[in-house]
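This report concerns only the one structure given below.
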Amino acid sequence: MNSLFNRTDLKCPMTCNNQRFTFHQMSCCICNSKSDIENLTNLSVVYKEGQYNSTIDNPGNKHGLYSLYHRYGNLTFLPINICNFNGLFIIDFSFNKIKSIDEILCLTNLDTLLLRGNNVHYLKNNTFLQMKFIRIIDLSFNKINSMDPGFLLNMNGSLFYLSLAFNNMSTLDVTNALASKQQYFCLVDYSHNAIKSITNELSWKFRTNTSLGNGGMVDASNNSLSSFFNAKALRFLGFENPLFIGRLFSYGFDGRDNKWNCDCNIYPFAIAAERLAPTMTRDYFDVKCFTPYSLKDMSIFKIIKERRYDGLICNLSLAEKCPPRCRCIYQPAIRNRTVIECSSSNLTKFPSVLPHNKVLEVDLSNNYLQNLQIQFGHEDYYDRIRLLNVSNNKIHVLPRLHLFRLRTADIDLRGNNIYSLHRSIGELNPCNIYLDTIIMQCTCKDIWLQQWLPKSDSKCNKNVQVLCRFEGQLIPIQNMTKKYLGCRIPDTNVIWISTVIVAAFITVVLVSASIFSFRFEIFIIGRKFIKYFRGTSYPLTLFYDVYIACDEEDEKIRLWLTTHLLPTLEVNNMLKVFWPCRDSEIGVPREEEMIHVMSNTQTFIIILSEEYKGPVRWNEKEWKHAWHNYTHDLNREIIIVNYDLLEANEIAKQYLGAFLRIGQFIDFSNHKKSIEDEIASLFTKQDKKLKKLASKKCSYSQIDDEKFPFLKQYPLYSVFRCKT
């Protein structure tokens, strides 16, 4: 007590030590503490000129702590010399006629102030602010109709009891129900007033670092409070996050015997309190409903225990977008719905506005709605409708547009004279629509209903039934054939022919696309087959056997060529090789020389690498002319060496990538045998074929010599004859 309130005179009863928890021990001490100060000097009040001019008389002329008792007197104002007695410890002016107590703020040692049954009208928030030792203030049974906000919130002393019961207060500020500078208090009593609402005149806000101490009991019983606090009301009272209200767990609020309206605002707190309800056994929790009539005098805890939440509803007003001549209720316990009851209201059109809640159930039955096609406009509330009852109206035609906006709603259209169904209704689930039986003149355009209507074994097959007038009978549309509906039946042969033509066209397109995509691969493979079956023709005499195309700026490639490949081809295999890096003539235009040399070369070796650093990409020109010679002469060959292990899609020219895709290349990562030997072996195979062919040609030439000896006289003969 001394550490919390700086009061060495307050003593705590020994029985409080029997409490199990520290909080309960402190509460017991606060509410039962007594001061051990004794031998107070009793003072008296003397009237000088009636009750308006009174003074305090000290018969013993002692200076110390005093007590002053003057009950059932005629004091209208405090004694004029009251500030001369700063040692006043107890004042009891109960049942006088005092109207103002502002002058009492000078008594900084006051412990107890009893002013029951006076005529005080107003209470300022600074009257007791400097009284660090004030412990009990009793202003009950006065005529107080208002008090400054912040009275209790800013008290920083040892105020344990504050009673303003039986006054005329109509509002209570939230800052007079919470204490932020005192850790504990025992009771703040506002009971038996006329309080209707809780205010927040100072716009006080609860912060995460706000301390509200351990509180005490706030008695607001027997007032006129009616509305429970929802999230919006809590934000108004300074609790931006509703979870912050948990900081008031150690407080007690007695709200019994008020005119509580048990509406939808109770529902979220009731759900949150379900687990705590069995442990909340204090009597002040027994708050009972005053309205509605179905829940009158029923305890809120009984509602929670029995989960009687259906009756917790809120009536919405015109300001909350409830349509005129309609009754709107918000019922969170049932699908969080808002019911708009407009049945039998003589309406001829849809309401222009509806409440802004998410789940709307609209009852427009038994009215005079006629043309839904006009009524369905662009109002956004259709997306929020979950139930639409327009039964027993004057509707003949369903709207052709906007029906899809009701795809999540149950729609009751029974009792209307509907004679046609537009195809747009097919966007809705037939199990969510109630139309009963519709009799209509069916046409071929209505054949879609056969697929849309529920099957005969469906639970909702009776929701919608469509009967067609046909030859004086009513036949279900499911039993109507295309012939009966007047549909044109197409010729089966025409269908088959059209199908075949379309399939053939698609096949041609697909094959053509495939041939175009793989045209280079097809050419290379086809060329090999032609050479295999046709045989190799004897080529003209060409000056070079090999032309090497590579990135001449790559030092590693140049090193490999000079030390491995060129010696193997030229020395070991006696092939004549042209390598532009080595063999180009100075001063001759390179492209002209390239064209001339490549037109006189048998085989082109193309070495693929990642990048080319030269100013002109000669490699692509070499590829172009190599491919040109390759495609125009079956005797020419291209050998691809994948030096940097490129993928086919990484090569700029698709025709070179085709060699990689069909596997006709030399992989530089293949270590099974020497790369240069593998290249040389390709020339060996080619030489064998040419020699075989040459022997055949020589025999033919000898035969020609025997038959036509006169040809020897022509100079060109020596160019074509075989050398034996």
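Label separation (residue 562 vs residue 42): 13.0 nm, computed from points 7 Å beyond Cα along the C-beta direction.
Please arrange 94, 100 by counting, for each residue, the other beta carbons lying within 10 Å of its beta carbon, fewest first. Let's see the in-between values first.
Details: 94 19, 100 16.
In order of increasing Cβ crowding within 10 Å: 100, 94.
When you work out D = kT/(6 pi eta Rh) for the stretch 536-686 at 25 °C and 0.890 mPa s, using the Kirkwood radius from C-alpha pairs as Rh and the Stokes-Einstein form, the result is 155 µm²/s. All C-alpha pair distances within the stretch 102-182, sorted into 10 Å bins from zero, spread as 19, 56, 24, 0 percent across the bins.
Set the Förster radius R0 to 30 Å, insert the Cβ-Cβ distance between residue 404 and residue 271 as r into 1/(1 + (r/R0)^6), and round the FRET efficiency to 0.05. The calculated FRET efficiency here is 0.30. Fully extending the segment from residue 335 to residue 645 would add 105.0 nm, taking 0.36 nm per residue of separation and subtracting the current Cα-Cα distance. Between residue 358 and residue 183, the contour length at 0.36 nm per residue exceeds the Cα-Cα span by 58.6 nm. A Förster radius of 25 Å, combined with the Cβ-Cβ distance separating residue 23 from residue 209, puts the computed FRET efficiency at roughly 0.70. Once the Cα-Cα distance is subtracted from the 0.36 nm per residue extended length, the residue 170 to residue 284 segment shows a gain of 38.9 nm. Taking a point 7 Å from the Cα of residue 224 along the Cα-to-Cβ direction, the residues of the stretch 168-203 with backbone N closer than 19 Å to it are 168-174, 190-200.
Please label the shape of the stretch 265-307 as rounded, prolate or oblate, based on the square roots a ≥ b ≥ c of the eigenvalues of the alpha-carbon gyration tensor (a/c under 1.5 means rounded; beyond that, a/b larger than b/c means prolate, else oblate). Note, shape of the stretch 265-307 comes out oblate. In the chain, the DSSP-assigned H stretches of four residues or longer account for a calculated mean residue ellipticity at 222 nm of -6500 deg cm²/dmol, using -39500 (n - 2.57) per stretch and the full residue count as denominator. Approximating the spin labels as points 7 Å out from Cα along Cα→Cβ, the residue 146-to-residue 620 distance works out to 8.9 nm. When you work out D = kT/(6 pi eta Rh) for the chain at 25 °C and 0.890 mPa s, using the Kirkwood radius from C-alpha pairs as Rh and the Stokes-Einstein form, the result is 64 µm²/s. The label point for residue 498 and the one for residue 315, both projected 7 Å from the Cα toward the Cβ, are 6.6 nm apart.
Taken together, the values in this text are just the output of simple stated rules run on the coordinates, not laboratory data. Keep in mind that what you see is a predicted model, and the values were worked out from it rather than measured. When we count neighbours, we look across all protein chains shown, and the Cβ atoms used for this are built from the backbone with ideal geometry, even at glycine.
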